[in-house]
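The values are calculated or read from the model by the stated rules, or taken from the named source; none is laboratory data. All figures in this text were calculated on a predicted structure; none of them were measured in a lab. Methodologically, a virtual Cβ is constructed for each residue, glycine included, from the backbone with ideal geometry; neighbour enumeration extends over all protein chains shown.
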Amino acid sequence: MKNALKLAAIPGDGIGIEVIEAGLQVLDALSARMGTFALDVEHFDWGSERYRREGRFMPEDGAEQLRAFDAILFGAVGAPDVPDHLSLWGLRLAICQPLDQFANVRPTRILPGVSSPLRNARPEDLDWVIVRENSEGEYSGQGGRSHRGLPHEVATDVAIFTRAGVERVMRFAFELARSRPRRKLTVVTKSNAQRYGMVLWDEVAAEVARDFPDVAWDKMLVDAMTVRMTLDPASLDTIVATNLHADILSDLAAALSGSIGIAPTANLNPERTTPSMFEPIHGSAFDITGKGVANPIATFWTCSMMLDHLGEAEASVRLMAAIETVVADPANHTPDLGGTATTRSVTQAVIDAL
Ligand code: IPM
Ligand code: MG
């Protein structure tokens with residue numbers, strides 16, 4: 001019996017449209033080669049164009065509509081003429097929060113054939129997974145503005161940390177660390193300056209750690225963490241941090257691995273009560289939109305994570321192997337990797353490698 005997977009595709013804006021099309025082509029080819037799963041894809045035209053037309057990025061019950069799917073494949077949201085905070089809160093967070101996709105997982109590796117800006121880094125020196133708390137913290141959406149335009153105008157963004165929220169992402173991170181060969185977790189905070197929420201993180205980390213005696217763990221302050229990532233990458237493996245800290249650290253991680261055009265992400269609901277959402281990290285990239293040179297590798301890697309989550313482990317591994325074969329050849333490098341390959345040629349190369 002084939003695993004019938006119901007997939008919601010939301011290409012969104014900019015190069016999101018190009019890379020999701022490429023991703024679906026590769027998934028189709030993989031499905032034909034494997035014979036173990038079949039895809040039933042529904043497309044949603046949600047994004048900035050819809051916002052210009054109708055004043056909403058997605059229908060009011062958008063997140064509800066998505067509950068009927070096994071997974072969501074998301075491209076990017078954001079356009080030069082739409083304020084970024086509107087598109088983020090109107091689409092991406094409007095999906096992640098109601099569907100309670102609380103664990104954002106961001107693997108980073110230096111893939112074969114890709115060179116890191118770190119002078120001496122060997123591929124085996126940088127093999128990380130960043131777990132980003134994805135439901136609260138600095139992105140909790142609480143705050144406001146008052147006394148607009150007056151000299152004493154006030155604006156607040158309240159970072160909210162709950163014991164339940166910290167504990168569930170911490171448990172997820174420890175479990176992930178345990179599943180990886182090195183069994184190592186680094187917990188990142190800023191508990192020297194932020195003495196309530198971040199101290200709660202430290203306390204919860206120590207409590208949860210007792211249930212994982214086989215995982216070696218340590219703590220880092222986020223500023224010092226940027227130094228360690230740059231100067232001693234091999235000392236890190238699995239990393240857990242707050243919503244904002246991990247947002248920043250994952251961009252650094254992507255840059256250190258050679259290109260943000262490669263970095264994938266999964267917004268997971270580990271309890272599986274709702275569909276999880278998979279997306280490349282790079283964003284809509286209007287500077288290269290429509291030129292056919294967007295690197296589809298991040299989306300392919302994202303698809304590999306999605307298949308793994310959906311119980312298609314073998315297909316996931318096969319896709320990742322094809323990605324590595326293709327990227328190892330500089331002829332398949334798009335401009336972000338210093339080459340002249342196109343979205344189409346890289347997509348075809350991956351299909352051939354499958
Ligand atoms: C990310 C992005 C988003 C974020 C942007 C587009 C708002 O940077 O997914 O890392 O900050 O969450
Ligand atoms: Mg980011």
Criterion: within 19 Å of the chain's Cα centre (by Cα) and within 15 Å of ligand 2 (Cβ to nearest atom) - qualifying residue of S250, S304, S276: S250
Where E203 falls short, out of the listed (1) more than 29 Å from W301 (Cα to Cα); (2) touching a residue at least 12 places away in the same chain (Cβ under 8 Å); (3) among the acidic types (D, E): (2)
Flag for T289 being part of a loop (DSSP other than H, G, I, E, B), among the β-branched types (V, I, T) and out of contact with any Asp or Glu (no Cβ under 6 Å at 6 or more places or on another chain): yes
Test set (1) touching a helix residue (DSSP H, G or I) at 6+ places or on another chain (Cβ under 6 Å); (2) more than 16 Å from ligand 1 (Cβ to nearest atom); (3) in the same structural domain as L185 (by TED's automatic domain parsing) - I110 fails condition number: (3)
Tally of residues being acidic (D, E) and more than 21 Å from R195 (Cα to Cα) across segment 209-225: 2
Number of the exception - D308 against (1) more than 30 Å from E64 (Cα to Cα); (2) of a type outside the set (S, T, N, Q); (3) more than 16 Å from ligand 1 (Cβ to nearest atom): (1)
Selection from segment 253-273 of residues that are among the small types (G, A, S) and either farther than 18 Å from A294 by Cβ or away from ligand 2 (no atom under 13 Å from the Cβ) (or both): A253, S257, G258, S259, G261, A266
Subset of segment 224-242 that is hydroxyl-bearing (S, T, Y) and more than 15 Å from ligand 2 (Cβ to nearest atom) - its residue that is nearest to T302 (Cα to Cα): T238
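For segment 62-76, enumerate the residues that are within 16 Å of ligand 2 (Cβ to nearest atom) and farther than 23 Å from A241 by Cβ. Working first, answer last.
Within segment 62-76, the subset within 16 Å of ligand 2 (Cβ to nearest atom) is 74-76.
Within segment 62-76, just G75 meets the criteria.
Let's see how each residue does on (1) surrounded by fewer than 22 Cβ atoms within 10 Å (Cβ to Cβ); (2) at pLDDT below 95; (3) of a type in the set (V, I, T):
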position: G75; (1), (2), (3): no, no, no
position: D84; (1), (2), (3): yes, yes, no
position: R106; (1), (2), (3): no, no, no
position: V131; (1), (2), (3): no, no, yes
Cβ pairs under 6 Å, 6+ apart, first in segment 322-347 and modelled with pLDDT under 95, second among the hydroxyl-bearing types (S, T, Y): D336/S259; L337/S259
Criterion violated by D40 - all others in (1) free of Cβ contacts under 8 Å to residues at least 40 places away in the same chain; (2) buried (at least 17 other Cβ atoms within 10 Å of the Cβ) satisfied: (2)
Single residue of segment 279-298 satisfying the filter (away from ligand 2 (no atom under 16 Å from the Cβ) and among the small types (G, A, S)) that is surrounded by the most Cβ atoms within 10 Å (Cβ to Cβ): A294
Filter pass, H245 being in a helix (DSSP H, G or I), within 17 Å of the chain's Cα centre (by Cα) and either over 30 Å from K6 (Cα atoms) or within 16 Å of ligand 2 (Cβ to nearest atom) (or both): yes
Lone unmet requirement of (1) of a type outside the set (A, V, I, L, M); (2) outside any loop (DSSP other than H, G, I, E, B); (3) crowded, with 22+ Cβ neighbours inside 10 Å for R50: (3)
Breaking point among (1) in a loop (DSSP other than H, G, I, E, B); (2) away from ligand 1 (no atom under 16 Å from the Cβ), for S259: (2)
Inter-residue pairs, beta-carbon under 7 Å, first without any contact (Cβ under 8 Å) to a residue 24 or more places away in the chain and in segment 233-258, second more than 16 Å from ligand 2 (Cβ to nearest atom), 6+ apart: S235/R228
Any hit, segment 1-13, residues being in the same structural domain as V82 (by TED's automatic domain parsing), more than 19 Å from T342 (Cα to Cα) and out of contact with any Phe, Trp or Tyr (no Cβ under 9 Å at 6 or more places or on another chain): yes
Wholly enclosed strands (runs of 3 or more DSSP E) of segment 81-176 bearing at least 1 residues within 16 Å of ligand 2 (Cβ to nearest atom) and within 18 Å of the chain's Cα centre (by Cα): 103-109, 127-133, 137-146
Pair list, Cβ < 8 Å and 6+ apart or interchain, from segment 263-281 residues that are in contact (Cβ under 8 Å) with a residue 12 or more places away in the chain to residues that are assigned to a strand (DSSP E or B) and more than 16 Å from ligand 1 (Cβ to nearest atom): P275/A8; P275/A71; S276/A71; M277/A71; F278/A71
